[in-house]
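**Q** Shown below is the structure under consideration.
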Amino acid sequence: MYAVIKSGGRQYKVTVGQTLEVNRLPVTDGEQVQLDEVLLISDADKAMIGTPVVENAMVLATAVKQGRGEKLIVFRYKSKKRFRHKKGHRQELTILTIDDIVANGKSLVTGEEPKLRAHVSDEGVATSTDADTVAPVDEKE
């Protein structure tokens, strides 16, 4: 079973348990991410193809860490003009581990409802990923 997702203008073919590098996402390490732009889901006996995205489908992933990619050298020159510019670039990346593929409210791995985790950020705010609500944490304790 695999899914094709879109993140950061690129498309990725993912399976459960796979580690994936995508363009930087605004998440913290250990936070669970919902990737809602699922273009295709393929199982052993059927395939769901989106127009452009599959309805009621998502991929759940955990952000492992933030990092940077390999350095790319950008070298521009004009022959016979003594014009040479050398620049380097390292892309900011988020490394994700794919946890689950969900279609129509059910996990394609277990056949049950997906298990979404709540995350407590550094600012003392608990965020719930299943309802996309933010609830303040009592800091007076």
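**Q** Within the bounds of segment 99-111, is there any residue that is hydrophobic (A, V, I, L, M, F, W, C), in a strand (DSSP E or B) and at pLDDT 95 or above?
**A** Taking every residue of segment 99-111 in turn, none turns out to be hydrophobic (A, V, I, L, M, F, W, C), in a strand (DSSP E or B) and at pLDDT 95 or above.
**Q** If Gly30 passes every condition in (1) crowded, with 17+ Cβ neighbours inside 10 Å; (2) under 16 Å from Ile95 (Cβ atoms) but one, which one does it miss?
**A** Unmet condition: (1).
**Q** Next question. Just to be sure before I move on: is Val74 in a strand (DSSP E or B) and either more than 19 Å from Gln11 (Cα to Cα) or at pLDDT 95 or above (or both) in the structure I sent?
**A** Yes, satisfied.
**Q** Against the condition in contact (Cβ under 8 Å) with a residue 40 or more places away in the chain, assigned to a strand (DSSP E or B) and within 18 Å of Leu108 (Cα to Cα), how does Val59 come out, does it pass? Full working, then the answer.
**A** Details: in contact (Cβ under 8 Å) with a residue 40 or more places away in the chain: yes; assigned to a strand (DSSP E or B): yes; within 18 Å of Leu108 (Cα to Cα): yes.
Against the criterion (in contact (Cβ under 8 Å) with a residue 40 or more places away in the chain, assigned to a strand (DSSP E or B) and within 18 Å of Leu108 (Cα to Cα)), Val59 qualifies.
**Q** While we're here: Can Thr127 be described as modelled with pLDDT under 90, surrounded by fewer than 17 Cβ atoms within 10 Å (Cβ to Cβ) and in a strand (DSSP E or B)?
**A** When the stated conditions are applied, Thr127 passes them.
**Q** On to the next question. Of the numbered conditions (1) surrounded by fewer than 18 Cβ atoms within 10 Å (Cβ to Cβ); (2) at pLDDT 90 or above; (3) hydrophobic (A, V, I, L, M, F, W, C), Leu35 satisfies every one except a single condition; which is it?
**A** Condition not satisfied by Leu35: (1).
**Q** Let me ask another. I need the full set of residues from segment 2-21 which are surrounded by 13 or more Cβ atoms within 10 Å (Cβ to Cβ) and closer than 22 Å to Lys115 by Cβ, in order please.
**A** Result: Tyr2, Ala3, Ile5, Ser7, Val14, Val16, Gln18, Leu20.
The values are calculated or read from the model by the stated rules, or taken from the named source; none is laboratory data. What you see is a predicted model, and the numbers here were worked out from it, not measured in a lab. FYI the Cβ positions are ideal-geometry reconstructions off the backbone, even for glycines, and counts take in every protein chain you see.
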